[in-house]
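Take a look at the structure set out below.
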Amino acid sequence: MIKYVLVLLLGFLVLPSCSRLDLAFNWADTFIVSKVDDYFNLTYTQSKELKKSLNKDFKKVSATVIPQIIDDAKKLEQQLQKNTVDEAIIEKLFSMGQNVFEDFYAQFSVTAVEFIASTNKNQLEHFKKAFYEKQNEEKEKLADFKEYQEEQKEKYHKYFKMFLGPLNTEQKALIDNHLRNFPYPKALKLKNKEAVFNAFIQAVHQSPEKAQQFIVQFTQKPQSFNLPEYQEALKNYNRGLKKLIISMASTLNADQKKELRHNLLEKVSQLQKIRSVAEMS
């Protein structure tokens with residue numbers, strides 16, 4: 001996911017793992033501005049303008065992207081109700097989900113362009129320093145691969161338990177097997193982040209127009225900047241992730257199906273609340 005160059009997009013990553021999407025959505029602009037400030041040391045005016053622009057973008061998201069997510073969640077819940085979730089359905093929903101997130105990020109293109117245009121040389125230097133400090137932190141974590149694997153396992157358990165409730169022995173084994181055979185390409189991701197970051201800095205040094213072109217393309221098609229080896233590794237990881245989800249779906253007991261349906265409907269309700277609030281504001 002996007003964690004570099006346009007750090008204002010960092011906040012969106014908390015949404016899928018949050019138990020209350022409506023609360024996360026309402027606080028997302030404040031969270032994002034705070035994260036951007038960590039990287040750029042914003043002025044008061046920049047903070048104010050960025051938050052104002054983000055509010056407009058989130059309204060666009062609520063009108064265009066959220067309805068797609070609601071529709072996908074309802075389709076999955078309906079299949080669970082009929083007890084007919086199969087590989088084809090998961091494959092379709094997986095692909096639709098990826099397209100939705102691309103649409104999500106694209107809504108913030110103008111904000112990203114305007115924000116970068118407002119930064120000065122000192123702020124860009126601050127960004128470079130903060131970026132490499134974060135990169136080094138991530139590399140140090142990855143150096144202890146055993147600990148990194150344990151963290152990944154905890155994350156997988158957390159996400160599945162959030163929707164399914166307690167996992168059984170077979171399901172935990174499926175997660176372990178997935179992590180062994182399809183580990184997330186973290187090292188390549190860090191290498192890719194650095195390559196994209198350097199391309200951004202190069203564009204900034206060339207001209208404001210080049211920087212703007214870079215940001216527009218990055219927000220609309222971020223994968224177009226990926227290194228070939230990372231893109232291939234990501235495809236392989238996603239194949240493994242789909243395989244895991246399909247396998248997990250086949251092991252759900254009656255209580256887990258009920259819990260999943262309940263959580264999907266709860267998420268739909270929260271997303272509908274977001275739409276209602278956005279329409280009234």
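For this structure, a couple of remarks:
- Nearest 10 degrees, 0 to 90: helix 208-220 Cα axis against the chain principal axis: 10 degrees
- Averaging 1/r over each pair of different alpha-carbon atoms in the chain and inverting the result gives 20.5 Å, the Kirkwood hydrodynamic radius.
- Euclidean distance of C-alpha centroids, the range 259-281 and the range 107-157, integer Å: 30 Å
- The angle between the Cα long axis of helix 44-64 and the longest principal axis of the Cα atoms of the chain comes to about 40 degrees, rounded to the nearest 10.
- Spin-label pair Leu23/Glu102, simplified geometry with 7 Å Cα→Cβ offset, distance in nm: 3.4 nm
- For the range 202-281, lysine pairs separated by 8 or more sequence positions, or belonging to different chains, with Cα-Cα distances below 25 Å total 14.
- For the chain, calculated [θ]222 nm from helices alone, where every DSSP H run of n ≥ 4 adds -39500 (n - 2.57): -27500 deg cm²/dmol
- Lysine pair count for the range 28-89 [Cα-Cα under 20 Å; pairs on different chains or 8 or more apart]: 11
- Summing Cβ point charges (Lys, Arg +1; Asp, Glu -1) relative to the Cα centre of the range 124-276 gives a dipole of roughly 560 debye.
- Accessible area per residue in Å² at 1.4 Å probe, computed on the chain: 55 Å²
- The distance between label points at Phe145 and Lys56 comes to 4.8 nm (points 7 Å beyond Cα on the Cα→Cβ vector).
- Folded to 0 to 90 degrees: helix 109-118 orientation relative to the chain principal axis, Cα: 30 degrees
- Aspartates and glutamates whose Cα lies under 15 Å from that of Lys153, excluding same-chain neighbours fewer than 8 positions away: Asp144, Glu170, Asp176
- Those aspartates and glutamates that a straight Cα-Cα span of less than 19 Å connects to Lys92, excepting residues fewer than 8 apart in one chain: Asp71, Asp72, Glu77, Glu102, Asp103
- Gyration tensor (alpha-carbon) shape descriptor, the range 149-281, a/c threshold 1.5: oblate
- Amide N proximity, the range 230-269 versus Glu87 label position 7 Å along Cα-to-Cβ, cut-off under 18 Å: 236-252
- Distance between the 7 Å Cα→Cβ label points at Glu232 and Lys257: 4.1 nm.
- When the chain is described by a simple charge dipole with +1 on each Lys and Arg Cβ and -1 on each Asp and Glu Cβ, the residue from Pro222, Thr169, Gln152 located farthest towards its positive end is Thr169.
The values are calculated or read from the model by the stated rules, or taken from the named source; none is laboratory data. The shown structure was predicted, so the numbers you read here are calculated from the model rather than taken from an experiment. Cβ coordinates were reconstructed from backbone atoms using ideal geometry, including for glycine residues, and neighbour counts include every protein chain displayed. Keep in mind that these areas ignore ligands, DNA and RNA; they rest on the heavy atoms of the full protein, side chains included. Shrake-Rupley method; radii C 1.70, N 1.55, O 1.52, S 1.80 Å.
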